[in-house]
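All remarks here apply to the structure that follows.
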Amino acid sequence: MRMEYDRIVNTTTWSAGPGCHGGCGAKLYVKDGRVVKVEGDENHPWNFGRGCSRLLAMTQYMYHPERILWPLKRVGPRGDGNFARISWDEAYDLIEENFNKIKENYGAKAVIFIQGTGRDIGGPMSLVAYNYGSPNWSQLGLGGQACYGPRLGAMSCIQGDTSVADCSQFFEKRFDDPRYRLPNYIVVWGQDPTRGCPDGFYGNWIIDCMKRGSKLIVVDPRQNFLTSRAEHHLQLRPGTDGALALGMLGAIIENGWYNKEFVEKWCLGFEELAERAREYPLDRVASITWVPKEQILAAAKAYALASPGSAIQWGLPIDQAPDGVIVAQAINDLWAITGNIDVPGGNVIARNAYHVSAYPFDNYQLADMYGDDFVEQVVQKRIGSDEYGWLRKWRCYIQPDVAVRQMLTQNPYPIKATWIQTANPVANAADMRLHYEALRAMDFNVVIDLFHNPTTMSVADVILPAATFAERTGFRAWFQPVQIISPAVNVGECRNDWEIAMDMAQRFNPELKKRYPNGIKDYMDWRLEPTGMTYADLQARGGWKWGDEEGSAWVPYKRYERGVLRADGKPGFRTPSGKVELKSSQNAEWGATGVTRVDPLPYYQEPFESEMSTPDLFKKYPLIMVTGRRSAVFFHSEHRNIPWLRECDPHPDVEIHPSVARDLKLENGEWVWIENERGRIRRKVKINAGIHPKTVSVLHGWWLPETEGRAPNLFSAWDVNCNVLVPTGAQSRTGYGGNAYKTTLVRLVKMHDGSPAAPPVSVWGRG
Ligand code: SF4
């Protein structure tokens, strides 16, 4: 039967809904003021009509019977789930009154502004935090700040710019653009892009390249779709990515497979790097990584001899290796010495079109928005900046492991409240119990979200209902093209995250009203100025604009030769020396101002918990729990309550190798305890011969919306969420990277009492 609709709205996705780091073009079919169908936009050069299951399930997400549709205030003790409906004005008044009281008594820095992953919220988050006067903008719960930040920091130090695998995404004609060349090899390192939604990268682009002839080298402890099609699969021990990268560097340098012309002309520190790599002969690397040296050598040779013109696409395990920045540095050095920086089919430099960005990522952009004095103030007071020079010199976030500690100790200064937006720290933070206690210790917590979850239920005092991408305006430029988000409908009283932040920022700082009298509309038009267009102009021309001006800094290739990367217009890279710094002066300088010195050259650090570093602990807990594998239907802790998605992945499971199942007499589908010193959780056994026998693999972010939400049960988060077992506070010397999400030691214990059988999975209204 042909579906009825009144109109189609073409828009761009950027979270509040699918969990986007990307910007798929989407079509929203509207009938009688309701979105009745969502699908990818076949005319959009980002995704060519594709999307993900979470996008296709948006109608269930938007019209879920348990969606929060108006502001709420807590009326009973925290955790008992009693909330009363209030108006937006009452909600804003309550927040303003409580936050201003805290500012009076403890100073604005006593409030921490918490976001989830770096999707669309960063701009509004910084706006409300800085206009309230707090320096403390955070991804609280993200142990070691171990998500993209370490890779971005390493690239900033080594080559002065971000790079991504070149899948033609910088050209509107994509693969048909005459300037573009397909990668010979794509090294997919610690990522399952077809299931996740990587930063500014559409996972299926890898498939598009494979269909056209690119070959794969995959680095992953677990077999998956891509490993089954790879020419080389390096199934390494979790957390040993640094050793593998140094082994490959050593093999390439020793055999002369590197790009001598590029190294001599554009690199600094090659001899020191070569000397460091000599400390990692392949015998040693093989024993550290569990990967036979022949496989490492073959993969290094294939990649290097097919360069320039091969690319590395990397993921989170690099950030979460013991010293994420240093591991990222070693991998950046791999594509540098093989001459793959900013060449067709290589690791193309990723500049946003027209240098438009939705928000300030680093101190330079912050200074651009608020002035140097303001940045100096913020940097001095930012939590963790006394310990980590990187926090003073680079990124705007506070150090989350230091922050949670300060929330509990109130030292060196009191923390009294939080603003939590697009985050569910009680179900996502490393060491969930510690973060639960820290948030419970706050005088006042504001949560902006779409559904009740373990965080809203346990710590929220005021809840503000957020809009999905289909209900809001917005824009994104990550990296190409500049795209706008166009609303199709309203649902309840839900509001745009950006609007909520702007409203409160203007309440905290009425001067802001003069700068943006029309609120978010003015903010967006201001940020879009470099395109020469306003939001309305972009909407009128179809919703996006590709930055393709020949010779500009956002159009590939070899921009380092054209003098468009450096501020002074000279050829070279945006590094202190203007060269690619294989031995990073920036890292050393930033690190030198912290408590712990940072080595300017890459090295390998053994995981905090392992057979080598904690042999006694390993005797008790001999399995390495790898958390965070990607699900095609869930994004972090989201989507467990969406029926179409939940039926695809109904139970929190644990993947174990057949030999482990045999040894522990475990059957597929039976429940088992996973435990270590920090507690225990229950998971459903899923036997998978594609993982290493010494590891178990679990999805993070689990809670069960179909179970009791009130404390102490909190939707069974304590029962099934792997972050009960994952520590926090294991960050790297830079404060960026590390933690033990991929390397926590555990054991499996058979459930002899055969309980608790999981309740039936019905997540559509628990009436
Ligand atoms: S694939 Fe990524 S960008 Fe596209 S809709 Fe899904 S989550 Fe969003």
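The values are calculated or read from the model by the stated rules, or taken from the named source; none is laboratory data. Computed from a predicted structure; not experimentally measured. Don't worry about glycine lacking a Cβ; one is built from the backbone with ideal geometry, like all the others, and counts go over all protein chains shown. The protein model used for the area step is the full one, side chains on, heavy atoms only, and it has no ligands, DNA or RNA in it. Shrake-Rupley method; radii C 1.70, N 1.55, O 1.52, S 1.80 Å.
Structure data summary
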| quantity | calculated |
| --- | --- |
| Relative contact order of the chain, pairs being alpha-carbon contacts under 8 Å that are 6 or more residues apart, as % | 19 |
| Within the range 126-175, trypsin sites (Lys or Arg not before Pro) in DSSP loop having at most 14 other beta-carbon neighbours inside 10 Å | 173 |
| 5 Å binning of all Cα-Cα separations within the range 558-653, expressed as whole percents from 0 upward | 2, 10, 10, 8, 8, 9, 12, 13, 11, 11, 5, 1 |
| Gain in span if fully extended, residue 6 to residue 617, counting 0.36 nm per residue against the direct Cα distance | 213.7 nm |
| Rg ratio (alpha-carbon, reference 2.2 N^0.38 Å) - the chain | 0.90 |
| Debye equation applied to the C-alpha atoms of the range 239-375, log10 I(q)/I(0) at 0.16, 0.17 Å⁻¹ | -0.87, -0.95 |
| Spatially proximal lysines relative to residue 393 (Cα-Cα < 17 Å; intrachain offsets below 8 disregarded) | 381 |
| Largest-first ellipsoid semi-axes for the range 386-541, taking √(5λ) over the Cα gyration tensor eigenvalues, angstrom | 32, 20, 16 |
| Hits among lysines - C-alpha to C-alpha of residue 37 under 24 Å, sequence gap 8 or more where chains match | 27 |
| In the range 1-79, chymotrypsin sites (Phe, Trp or Tyr not before Pro) in a DSSP loop with at most 11 other beta-carbon atoms within 10 Å | none |
| 163, 287, ranked by accessible area, largest first (probe 1.4 Å) | 287, 163 |
| Spatially near lysine pairs across the range 149-351, Cα under 27 Å, sequence gap of 8 or more or different chains | 10 |
| Packing-based order for 100-107, 468-475, using average beta carbon neighbours within 10 Å, highest first | 468-475, 100-107 |
| Accessible area, probe 1.4 Å, largest first, for residues 665, 620, 579 | 665, 620, 579 |
| Phi-based couplings in Hz for the range 210-216 (Karplus 6.51, -1.76, 1.60; Gly and Pro marked x) | 4, 4, 9, x, 5, 9, 10 |
| Residue-averaged 222 nm ellipticity for the chain, from DSSP H runs of 4+ at -39500 (n - 2.57), nearest 500 | -8500 deg cm²/dmol |
| Cβ-derived FRET efficiency at R0 45 Å, residue 173 paired with residue 408, nearest 0.05 | 0.25 |
| Whole-number percent relative contact order across the range 149-351, with pairs defined as alpha carbons under 8 Å at least 6 apart | 34 |
| Rg [Å, one decimal], Dmax [Å, integer] - the range 225-278, C-alpha atoms | 14.1, 39 |
| Global size of the range 149-351 as Cα Rg and Dmax, reported in angstrom | 15.4, 46 |
| FRET efficiency, residue 101 to residue 440 (Cβ-Cβ, R0 22 Å, nearest 0.05) | 0.70 |
| Share, in percent, of DSSP beta bridges within the chain that are antiparallel, nearest 5 | 50 |
| Loop-resident sites, the range 182-274, for chymotrypsin sites (Phe, Trp or Tyr not before Pro), counting at most 14 other Cβ within 10 Å (DSSP) | 225 |
| Probe 1.4 Å - accessible area at residue 241, Å² to nearest ten | 10 |
